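Enquirer: Got a structure for you, questions after.
The values are calculated or read from the model by the stated rules, or taken from the named source; none is laboratory data. Predicted model only: the values in this text are computed from it and were never measured. Note: ideal-geometry Cβ built from the backbone for every residue, glycine included; neighbour counts use all protein chains shown.
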Amino acid sequence: MTYSSIGIIALFVELIINHEVFNRNAKTEYIPALKSYRSFLNAVVFYYITDILWGILDEHHLMTLLYADTVVYFIAMALSVFLWTRFVTSYLNEKNRFGKILHITGQLFLIIQIISVVINFFFPIMFYFDENNLYHSSILRYINLLLQIIMFFMTSGHSLVAGQKNTDKRKRRYRTITLCSLEMICFIAVQFAFPLLPLYSVSLLMGTCVLHSFVLEDEKNEYRKKLEEALEREKEQREALGSAKHLAYTDPLTGVKNKNAYLEAEELINIDIANNALPELGVIVFDINDLKTVNDTLGHEEGDKFIRNACMMICRKFSHSPVYRIGGDEFVVLLKGNDYKERNKLFSSFDKQMEKNARNGDIVISTGMDSFIPGSDTDYSSVFNRADKKMYERKAWLKNIK
(Lines give C-alpha, C1' and ligand atoms only; values in the text may rest on other atoms or scores of the structure.)
Protein backbone atom coordinates (compact mmCIF):
# COMPACT_ATOMS: atom_id res chain seq x y z
CA MET A 1 0.00 0.00 0.00
CA THR A 2 3.03 2.27 0.48
CA TYR A 3 3.63 2.24 -3.28
CA SER A 4 -0.01 3.07 -4.03
CA SER A 5 -0.12 5.94 -1.51
CA ILE A 6 2.01 8.13 -3.80
CA GLY A 7 -0.40 7.59 -6.68
CA ILE A 8 -3.42 8.26 -4.43
CA ILE A 9 -1.93 11.56 -3.24
CA ALA A 10 -1.02 12.52 -6.81
CA LEU A 11 -4.53 11.68 -8.02
CA PHE A 12 -6.27 13.76 -5.36
CA VAL A 13 -3.92 16.73 -5.83
CA GLU A 14 -4.49 16.55 -9.60
CA LEU A 15 -8.26 16.54 -9.26
CA ILE A 16 -8.23 19.40 -6.75
CA ILE A 17 -5.92 21.83 -8.52
CA ASN A 18 -7.44 21.16 -11.95
CA HIS A 19 -11.11 21.02 -10.94
CA GLU A 20 -11.93 23.88 -13.35
CA VAL A 21 -10.41 21.98 -16.27
CA PHE A 22 -12.31 18.78 -15.48
CA ASN A 23 -15.58 20.67 -14.92
CA ARG A 24 -16.92 21.19 -18.43
CA ASN A 25 -19.56 23.64 -17.15
CA ALA A 26 -16.98 25.97 -15.60
CA LYS A 27 -15.97 29.16 -17.38
CA THR A 28 -12.52 28.20 -18.63
CA GLU A 29 -12.17 30.34 -21.75
CA TYR A 30 -9.00 31.82 -20.27
CA ILE A 31 -7.20 28.43 -20.52
CA PRO A 32 -5.20 28.14 -23.76
CA ALA A 33 -5.43 24.90 -25.77
CA LEU A 34 -8.15 23.76 -23.35
CA LYS A 35 -9.28 20.68 -25.25
CA SER A 36 -5.80 19.18 -25.62
CA TYR A 37 -4.89 20.18 -22.06
CA ARG A 38 -7.97 18.41 -20.65
CA SER A 39 -7.17 15.30 -22.73
CA PHE A 40 -3.62 15.26 -21.37
CA LEU A 41 -4.84 15.57 -17.78
CA ASN A 42 -7.37 12.77 -18.32
CA ALA A 43 -4.53 10.54 -19.51
CA VAL A 44 -2.50 11.50 -16.42
CA VAL A 45 -5.43 10.58 -14.15
CA PHE A 46 -5.77 7.28 -16.03
CA TYR A 47 -2.07 6.61 -15.44
CA TYR A 48 -2.39 7.37 -11.71
CA ILE A 49 -5.23 4.86 -11.43
CA THR A 50 -3.18 2.10 -13.09
CA ASP A 51 -0.23 2.93 -10.83
CA ILE A 52 -2.42 2.81 -7.71
CA LEU A 53 -3.89 -0.53 -8.77
CA TRP A 54 -0.41 -1.89 -9.47
CA GLY A 55 0.65 -1.38 -5.86
CA ILE A 56 -2.54 -2.93 -4.48
CA LEU A 57 -2.46 -5.95 -6.79
CA ASP A 58 1.25 -6.53 -6.16
CA GLU A 59 0.74 -6.43 -2.38
CA HIS A 60 -2.00 -9.08 -2.60
CA HIS A 61 -0.11 -11.18 -5.22
CA LEU A 62 -2.99 -11.19 -7.72
CA MET A 63 -0.66 -12.05 -10.55
CA THR A 64 -3.08 -12.32 -13.47
CA LEU A 65 -4.64 -8.98 -12.70
CA LEU A 66 -1.22 -7.52 -11.92
CA TYR A 67 0.12 -8.57 -15.33
CA ALA A 68 -2.94 -7.05 -17.06
CA ASP A 69 -2.60 -3.83 -15.07
CA THR A 70 1.10 -3.61 -15.97
CA VAL A 71 0.18 -3.79 -19.66
CA VAL A 72 -2.41 -1.04 -19.21
CA TYR A 73 0.13 0.90 -17.12
CA PHE A 74 2.60 1.10 -20.02
CA ILE A 75 -0.15 2.05 -22.47
CA ALA A 76 -1.38 4.81 -20.09
CA MET A 77 2.19 6.10 -19.82
CA ALA A 78 2.57 6.21 -23.61
CA LEU A 79 -0.86 7.83 -24.00
CA SER A 80 0.09 10.59 -21.55
CA VAL A 81 3.31 11.23 -23.52
CA PHE A 82 1.43 11.35 -26.83
CA LEU A 83 -1.21 13.76 -25.45
CA TRP A 84 1.57 15.81 -23.89
CA THR A 85 3.13 16.36 -27.32
CA ARG A 86 -0.26 17.31 -28.74
CA PHE A 87 -0.83 19.81 -25.93
CA VAL A 88 2.62 21.37 -26.34
CA THR A 89 2.18 21.96 -30.07
CA SER A 90 -1.26 23.45 -29.47
CA TYR A 91 -0.26 25.52 -26.42
CA LEU A 92 2.80 26.98 -28.16
CA ASN A 93 0.95 27.20 -31.47
CA GLU A 94 3.82 25.35 -33.10
CA LYS A 95 2.67 24.88 -36.69
CA ASN A 96 6.24 24.65 -37.96
CA ARG A 97 8.53 21.69 -38.60
CA PHE A 98 9.29 21.22 -34.90
CA GLY A 99 5.60 20.99 -34.05
CA LYS A 100 5.04 18.35 -36.72
CA ILE A 101 8.09 16.33 -35.64
CA LEU A 102 7.06 16.43 -31.98
CA HIS A 103 3.51 15.40 -32.77
CA ILE A 104 4.63 12.52 -35.01
CA THR A 105 7.16 11.41 -32.39
CA GLY A 106 4.41 11.21 -29.79
CA GLN A 107 2.23 9.14 -32.13
CA LEU A 108 5.09 6.76 -32.93
CA PHE A 109 5.93 6.40 -29.24
CA LEU A 110 2.33 5.38 -28.47
CA ILE A 111 2.21 2.91 -31.37
CA ILE A 112 5.58 1.34 -30.47
CA GLN A 113 4.50 0.99 -26.84
CA ILE A 114 1.28 -0.78 -27.79
CA ILE A 115 3.16 -3.14 -30.13
CA SER A 116 5.77 -3.78 -27.42
CA VAL A 117 3.26 -4.83 -24.75
CA VAL A 118 1.59 -7.16 -27.28
CA ILE A 119 4.93 -8.78 -28.11
CA ASN A 120 5.66 -8.97 -24.40
CA PHE A 121 2.95 -11.64 -24.08
CA PHE A 122 5.25 -13.93 -26.05
CA PHE A 123 8.70 -12.51 -25.40
CA PRO A 124 9.42 -10.50 -22.21
CA ILE A 125 11.00 -7.48 -23.91
CA MET A 126 9.30 -4.95 -21.60
CA PHE A 127 8.87 -6.69 -18.25
CA TYR A 128 8.34 -10.09 -16.61
CA PHE A 129 7.57 -11.68 -13.24
CA ASP A 130 9.87 -14.38 -11.89
CA GLU A 131 8.89 -17.58 -10.06
CA ASN A 132 8.68 -15.58 -6.81
CA ASN A 133 6.19 -13.17 -8.42
CA LEU A 134 8.73 -10.35 -8.39
CA TYR A 135 8.57 -7.71 -11.11
CA HIS A 136 11.60 -7.19 -13.40
CA SER A 137 12.15 -4.56 -16.12
CA SER A 138 13.49 -5.69 -19.49
CA ILE A 139 15.69 -3.81 -21.92
CA LEU A 140 12.82 -2.20 -23.86
CA ARG A 141 11.53 -0.66 -20.63
CA TYR A 142 14.79 1.26 -20.27
CA ILE A 143 14.80 2.16 -23.96
CA ASN A 144 11.27 3.48 -23.41
CA LEU A 145 12.49 5.77 -20.62
CA LEU A 146 15.50 6.85 -22.67
CA LEU A 147 13.27 7.81 -25.60
CA GLN A 148 11.17 9.92 -23.27
CA ILE A 149 14.27 11.68 -21.94
CA ILE A 150 15.36 12.44 -25.52
CA MET A 151 11.87 13.70 -26.40
CA PHE A 152 11.62 15.95 -23.33
CA PHE A 153 15.19 17.16 -23.85
CA MET A 154 14.38 18.06 -27.45
CA THR A 155 11.25 19.92 -26.31
CA SER A 156 13.02 21.83 -23.53
CA GLY A 157 15.90 22.81 -25.83
CA HIS A 158 13.59 24.11 -28.55
CA SER A 159 11.41 25.97 -26.02
CA LEU A 160 14.44 27.56 -24.37
CA VAL A 161 15.78 28.88 -27.68
CA ALA A 162 12.38 29.90 -29.11
CA GLY A 163 11.44 31.67 -25.88
CA GLN A 164 14.29 34.15 -26.35
CA LYS A 165 12.84 35.30 -29.67
CA ASN A 166 9.28 35.97 -28.55
CA THR A 167 7.26 38.57 -26.68
CA ASP A 168 6.58 38.36 -22.95
CA LYS A 169 3.41 36.27 -23.18
CA ARG A 170 4.82 33.69 -25.58
CA LYS A 171 8.17 33.76 -23.76
CA ARG A 172 6.35 32.80 -20.55
CA ARG A 173 4.67 29.90 -22.31
CA TYR A 174 7.97 28.62 -23.71
CA ARG A 175 9.58 28.88 -20.28
CA THR A 176 6.72 26.89 -18.78
CA ILE A 177 7.26 24.03 -21.22
CA THR A 178 11.03 24.22 -20.67
CA LEU A 179 10.67 23.96 -16.90
CA CYS A 180 8.11 21.16 -17.12
CA SER A 181 10.28 19.17 -19.59
CA LEU A 182 13.41 19.52 -17.47
CA GLU A 183 11.54 18.35 -14.39
CA MET A 184 10.31 15.25 -16.28
CA ILE A 185 13.87 14.50 -17.45
CA CYS A 186 15.20 14.57 -13.88
CA PHE A 187 12.60 12.17 -12.46
CA ILE A 188 12.74 9.79 -15.43
CA ALA A 189 16.53 9.66 -15.13
CA VAL A 190 16.22 8.68 -11.45
CA GLN A 191 13.64 6.06 -12.43
CA PHE A 192 16.44 4.19 -14.23
CA ALA A 193 18.13 3.52 -10.92
CA PHE A 194 14.94 2.83 -8.94
CA PRO A 195 12.51 1.06 -11.30
CA LEU A 196 10.22 -0.10 -8.47
CA LEU A 197 9.61 3.36 -7.01
CA PRO A 198 6.56 5.40 -8.23
CA LEU A 199 8.78 8.18 -9.48
CA TYR A 200 6.92 8.55 -12.77
CA SER A 201 3.75 9.48 -10.85
CA VAL A 202 5.76 12.05 -8.90
CA SER A 203 7.19 13.47 -12.15
CA LEU A 204 3.71 13.82 -13.67
CA LEU A 205 2.41 15.45 -10.50
CA MET A 206 5.28 17.94 -10.43
CA GLY A 207 4.89 18.64 -14.14
CA THR A 208 1.15 19.28 -13.93
CA CYS A 209 1.72 21.51 -10.87
CA VAL A 210 4.11 23.60 -12.97
CA LEU A 211 1.50 23.76 -15.72
CA HIS A 212 -1.16 24.72 -13.19
CA SER A 213 0.96 27.55 -11.81
CA PHE A 214 1.89 28.99 -15.19
CA VAL A 215 -0.79 27.82 -17.61
CA LEU A 216 -3.82 28.26 -15.36
CA GLU A 217 -2.92 30.93 -12.82
CA ASP A 218 -0.89 33.19 -15.12
CA GLU A 219 -3.36 32.88 -17.96
CA LYS A 220 -6.23 33.49 -15.54
CA ASN A 221 -4.56 36.68 -14.30
CA GLU A 222 -3.90 37.78 -17.86
CA TYR A 223 -7.50 37.04 -18.80
CA ARG A 224 -8.74 38.98 -15.76
CA LYS A 225 -6.49 41.90 -16.68
CA LYS A 226 -7.79 41.94 -20.27
CA LEU A 227 -11.37 41.71 -18.99
CA GLU A 228 -10.79 44.66 -16.65
CA GLU A 229 -9.25 46.64 -19.52
CA ALA A 230 -12.23 45.80 -21.74
CA LEU A 231 -14.65 46.86 -19.00
CA GLU A 232 -12.71 50.09 -18.51
CA ARG A 233 -12.84 50.80 -22.26
CA GLU A 234 -16.56 50.06 -22.26
CA LYS A 235 -17.04 52.44 -19.33
CA GLU A 236 -15.07 55.17 -21.12
CA GLN A 237 -17.13 54.61 -24.26
CA ARG A 238 -20.36 54.85 -22.26
CA GLU A 239 -19.17 58.03 -20.60
CA ALA A 240 -18.08 59.47 -23.95
CA LEU A 241 -21.42 58.49 -25.46
CA GLY A 242 -23.22 60.00 -22.48
CA SER A 243 -21.21 63.21 -22.82
CA ALA A 244 -21.90 63.36 -26.54
CA LYS A 245 -25.60 62.76 -25.94
CA HIS A 246 -25.60 65.39 -23.21
CA LEU A 247 -24.06 67.91 -25.60
CA ALA A 248 -26.46 66.95 -28.38
CA TYR A 249 -29.46 67.34 -26.05
CA THR A 250 -28.41 70.51 -24.18
CA ASP A 251 -29.06 74.11 -25.19
CA PRO A 252 -25.65 75.84 -25.12
CA LEU A 253 -27.04 79.26 -24.16
CA THR A 254 -29.20 78.34 -21.16
CA GLY A 255 -28.02 74.84 -20.17
CA VAL A 256 -31.54 73.36 -20.26
CA LYS A 257 -32.68 70.65 -22.66
CA ASN A 258 -32.85 71.62 -26.34
CA LYS A 259 -35.18 70.92 -29.27
CA ASN A 260 -33.62 67.48 -29.93
CA ALA A 261 -34.36 66.36 -26.37
CA TYR A 262 -37.86 67.82 -26.64
CA LEU A 263 -38.65 65.89 -29.83
CA GLU A 264 -37.42 62.65 -28.23
CA ALA A 265 -39.56 63.31 -25.13
CA GLU A 266 -42.57 63.99 -27.38
CA GLU A 267 -42.02 60.69 -29.19
CA LEU A 268 -41.83 58.75 -25.91
CA ILE A 269 -45.01 60.43 -24.63
CA ASN A 270 -46.84 59.45 -27.81
CA ILE A 271 -45.71 55.83 -27.34
CA ASP A 272 -47.04 55.87 -23.75
CA ILE A 273 -50.35 57.33 -24.92
CA ALA A 274 -50.68 54.65 -27.62
CA ASN A 275 -50.03 51.96 -24.97
CA ASN A 276 -52.39 53.54 -22.41
CA ALA A 277 -49.38 53.91 -20.11
CA LEU A 278 -49.49 57.67 -19.49
CA PRO A 279 -51.41 58.35 -16.26
CA GLU A 280 -50.69 62.08 -16.06
CA LEU A 281 -48.98 64.90 -17.92
CA GLY A 282 -49.09 68.68 -17.69
CA VAL A 283 -47.66 70.96 -20.37
CA ILE A 284 -46.72 74.59 -19.86
CA VAL A 285 -45.72 76.68 -22.87
CA PHE A 286 -43.62 79.83 -22.24
CA ASP A 287 -42.82 82.75 -24.53
CA ILE A 288 -40.55 85.64 -23.54
CA ASN A 289 -42.16 88.99 -24.27
CA ASP A 290 -40.25 91.84 -25.99
CA LEU A 291 -37.11 89.82 -26.88
CA LYS A 292 -37.01 91.40 -30.35
CA THR A 293 -37.09 94.88 -28.82
CA VAL A 294 -34.15 94.03 -26.54
CA ASN A 295 -32.15 92.63 -29.46
CA ASP A 296 -32.89 95.65 -31.67
CA THR A 297 -32.18 98.31 -29.06
CA LEU A 298 -29.51 96.77 -26.80
CA GLY A 299 -27.90 94.15 -29.04
CA HIS A 300 -27.89 90.37 -29.18
CA GLU A 301 -25.49 90.00 -26.28
CA GLU A 302 -28.04 91.66 -24.00
CA GLY A 303 -30.72 89.61 -25.73
CA ASP A 304 -28.89 86.41 -24.78
CA LYS A 305 -28.63 87.63 -21.20
CA PHE A 306 -32.35 88.41 -21.29
CA ILE A 307 -33.08 84.79 -22.41
CA ARG A 308 -30.83 83.32 -19.69
CA ASN A 309 -32.51 85.36 -16.95
CA ALA A 310 -35.96 84.39 -18.19
CA CYS A 311 -34.91 80.70 -18.29
CA MET A 312 -33.61 80.97 -14.73
CA MET A 313 -37.04 82.20 -13.56
CA ILE A 314 -38.73 79.20 -15.17
CA CYS A 315 -36.22 76.70 -13.75
CA ARG A 316 -36.51 78.11 -10.21
CA LYS A 317 -40.27 77.83 -10.16
CA PHE A 318 -40.52 74.40 -11.84
CA SER A 319 -37.39 72.92 -10.32
CA HIS A 320 -38.58 69.29 -10.38
CA SER A 321 -39.62 69.18 -14.04
CA PRO A 322 -37.62 69.08 -17.28
CA VAL A 323 -37.33 72.45 -19.04
CA TYR A 324 -36.88 72.59 -22.82
CA ARG A 325 -35.89 75.52 -25.02
CA ILE A 326 -37.69 74.80 -28.30
CA GLY A 327 -37.13 78.15 -30.04
CA GLY A 328 -35.39 81.51 -29.67
CA ASP A 329 -37.77 82.77 -26.98
CA GLU A 330 -39.93 79.67 -26.46
CA PHE A 331 -39.72 77.17 -23.62
CA VAL A 332 -41.75 74.14 -22.60
CA VAL A 333 -42.02 72.43 -19.20
CA LEU A 334 -43.41 68.89 -18.93
CA LEU A 335 -45.04 68.46 -15.53
CA LYS A 336 -45.06 65.08 -13.84
CA GLY A 337 -45.14 63.73 -10.30
CA ASN A 338 -45.33 66.31 -7.52
CA ASP A 339 -45.06 69.28 -9.89
CA TYR A 340 -48.09 67.93 -11.74
CA LYS A 341 -50.07 67.62 -8.49
CA GLU A 342 -49.10 71.18 -7.50
CA ARG A 343 -49.42 72.54 -11.04
CA ASN A 344 -52.23 75.02 -10.40
CA LYS A 345 -50.46 76.49 -7.37
CA LEU A 346 -47.11 76.74 -9.17
CA PHE A 347 -48.65 78.11 -12.35
CA SER A 348 -50.69 80.72 -10.48
CA SER A 349 -47.67 81.86 -8.47
CA PHE A 350 -45.59 82.24 -11.63
CA ASP A 351 -48.32 84.19 -13.43
CA LYS A 352 -48.77 86.61 -10.51
CA GLN A 353 -45.02 87.30 -10.60
CA MET A 354 -45.24 88.00 -14.33
CA GLU A 355 -48.08 90.46 -13.76
CA LYS A 356 -45.89 92.31 -11.22
CA ASN A 357 -42.99 92.27 -13.69
CA ALA A 358 -45.24 93.71 -16.41
CA ARG A 359 -46.19 96.63 -14.18
CA ASN A 360 -42.57 97.18 -13.04
CA GLY A 361 -40.97 96.91 -16.49
CA ASP A 362 -39.10 93.70 -15.64
CA ILE A 363 -38.82 90.47 -17.68
CA VAL A 364 -42.26 89.19 -18.68
CA ILE A 365 -42.94 85.62 -19.77
CA SER A 366 -46.28 84.59 -21.23
CA THR A 367 -47.59 81.17 -20.20
CA GLY A 368 -50.21 78.65 -21.14
CA MET A 369 -50.93 75.39 -19.34
CA ASP A 370 -53.05 72.35 -20.08
CA SER A 371 -53.21 68.69 -19.02
CA PHE A 372 -53.50 65.35 -20.75
CA ILE A 373 -57.06 63.99 -20.81
CA PRO A 374 -57.10 60.16 -20.85
CA GLY A 375 -59.54 58.69 -23.34
CA SER A 376 -59.82 62.00 -25.19
CA ASP A 377 -56.30 63.05 -26.20
CA THR A 378 -54.79 60.71 -28.77
CA ASP A 379 -51.36 62.34 -28.95
CA TYR A 380 -49.10 64.88 -27.32
CA SER A 381 -49.84 67.65 -29.82
CA SER A 382 -53.44 67.83 -28.60
CA VAL A 383 -52.28 68.91 -25.14
CA PHE A 384 -49.54 71.18 -26.49
CA ASN A 385 -51.88 73.00 -28.90
CA ARG A 386 -54.33 73.84 -26.12
CA ALA A 387 -51.52 75.12 -23.90
CA ASP A 388 -50.01 77.09 -26.79
CA LYS A 389 -53.35 78.76 -27.55
CA LYS A 390 -53.71 79.80 -23.90
CA MET A 391 -50.17 81.19 -23.97
CA TYR A 392 -51.01 83.53 -26.87
CA GLU A 393 -54.16 84.67 -25.10
CA ARG A 394 -52.09 85.36 -21.99
CA LYS A 395 -49.49 87.22 -24.05
CA ALA A 396 -52.09 89.61 -25.41
CA TRP A 397 -53.51 90.19 -21.91
CA LEU A 398 -50.04 90.95 -20.43
CA LYS A 399 -49.35 93.49 -23.19
CA ASN A 400 -52.51 95.33 -22.25
CA ILE A 401 -51.31 95.50 -18.64
CA LYS A 402 -48.00 96.97 -19.76
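Enquirer: Any residue in the stretch 52-73 that is under 27 Å from Phe153 (Cβ atoms), touching a residue at least 60 places away in the same chain (Cβ under 8 Å) and surrounded by 14 or more Cβ atoms within 10 Å (Cβ to Cβ)?
Expert: yes
Enquirer: Being over 20 Å from Asp69 (Cα atoms), in contact with a Lys or Arg (Cβ under 7 Å, 6 or more places away or on another chain) and in the same structural domain as His60 (by TED's automatic domain parsing) is true for just one of Gly163, Gly157, Gly99. Which residue is that?
Expert: Answer to the check: Gly163.
Enquirer: Report, by residue number, each residue of the stretch 55-105 that is assigned to a helix (DSSP H, G or I), at pLDDT below 90 and among the acidic types (Asp, Glu).
Expert: Correct list: Asp58, Glu59.
Enquirer: Identify all residues within the stretch 232-258 that are modelled with pLDDT of 90 or more and farther than 24 Å from Gly327 by Cα; write none if there are none.
Expert: Hits for the stretch 232-258: nothing passes.
Enquirer: Asn144 versus (1) surrounded by fewer than 14 Cβ atoms within 10 Å (Cβ to Cβ); (2) touching a helix residue (DSSP H, G or I) at 6+ places or on another chain (Cβ under 8 Å); (3) more than 23 Å from His61 (Cα to Cα); (4) not aliphatic (A, V, I, L, M): which is the lone unmet condition?
Expert: Just one mismatch for Asn144, condition (1).
Here is a yes/no grid of residues against (1) among the charged types (D, E, K, R); (2) under 17 Å from Glu393 (Cβ atoms):
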| site | (1), (2) |
| --- | --- |
| Phe306 | no, no |
| Tyr324 | no, no |
| Glu342 | yes, no |
| Lys356 | yes, no |
| Asn360 | no, no |
| Ile365 | no, yes |
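Enquirer: Among the numbered criteria (1) under 18 Å from Tyr380 (Cα atoms); (2) in a helix (DSSP H, G or I), which single criterion is violated by Val332?
Expert: Looking at each condition in turn, Val332 falls short on (2).
Enquirer: Filter the stretch 339-373 down to residues that are under 26 Å from Ala274 (Cβ atoms) and out of contact with any helix residue (DSSP H, G or I) (no Cβ under 9 Å at 6 or more places or on another chain), then give me how many there are. First the steps, then the outcome.
Expert: First, the residues of the stretch 339-373 that are under 26 Å from Ala274 (Cβ atoms): 339-341, 343, 368-373.
Next, from what is left, pick out any that are out of contact with any helix residue (DSSP H, G or I) (no Cβ under 9 Å at 6 or more places or on another chain): 340-341, 343.
Counting residues in the stretch 339-373 that are under 26 Å from Ala274 (Cβ atoms) and out of contact with any helix residue (DSSP H, G or I) (no Cβ under 9 Å at 6 or more places or on another chain) gives 3.
Enquirer: Would you mention how many residues in the stretch 192-217 are over 18 Å from Leu79 (Cβ atoms), part of a helix (DSSP H, G or I) and of a type outside the set (Ser, Thr, Tyr)?
Expert: Residues in the stretch 192-217 being over 18 Å from Leu79 (Cβ atoms), part of a helix (DSSP H, G or I) and of a type outside the set (Ser, Thr, Tyr): 12 in total.
Enquirer: So in the stretch 337-386, with the set limited to residues that are part of a loop (DSSP other than H, G, I, E, B) and either in contact (Cβ under 8 Å) with a residue 60 or more places away in the chain or not assigned by TED's automatic domain parsing to the domain that holds Ile271 (or both), which one is surrounded by the most Cβ atoms within 10 Å (Cβ to Cβ)?
Expert: So, considering only residues that are part of a loop (DSSP other than H, G, I, E, B) and either in contact (Cβ under 8 Å) with a residue 60 or more places away in the chain or not assigned by TED's automatic domain parsing to the domain that holds Ile271 (or both), the one surrounded by the most Cβ atoms within 10 Å (Cβ to Cβ) is Val364.
Enquirer: Contact list please: Cβ distance under 7 Å, first residue in the stretch 258-275 and within 26 Å of Ile307 (Cβ to Cβ), second residue surrounded by fewer than 13 Cβ atoms within 10 Å (Cβ to Cβ) and of a type in the set (Gly, Ala, Ser), pairs at least six apart or on different chains.
Expert: Note: pairs meeting the criteria are Asn260/Ala248.
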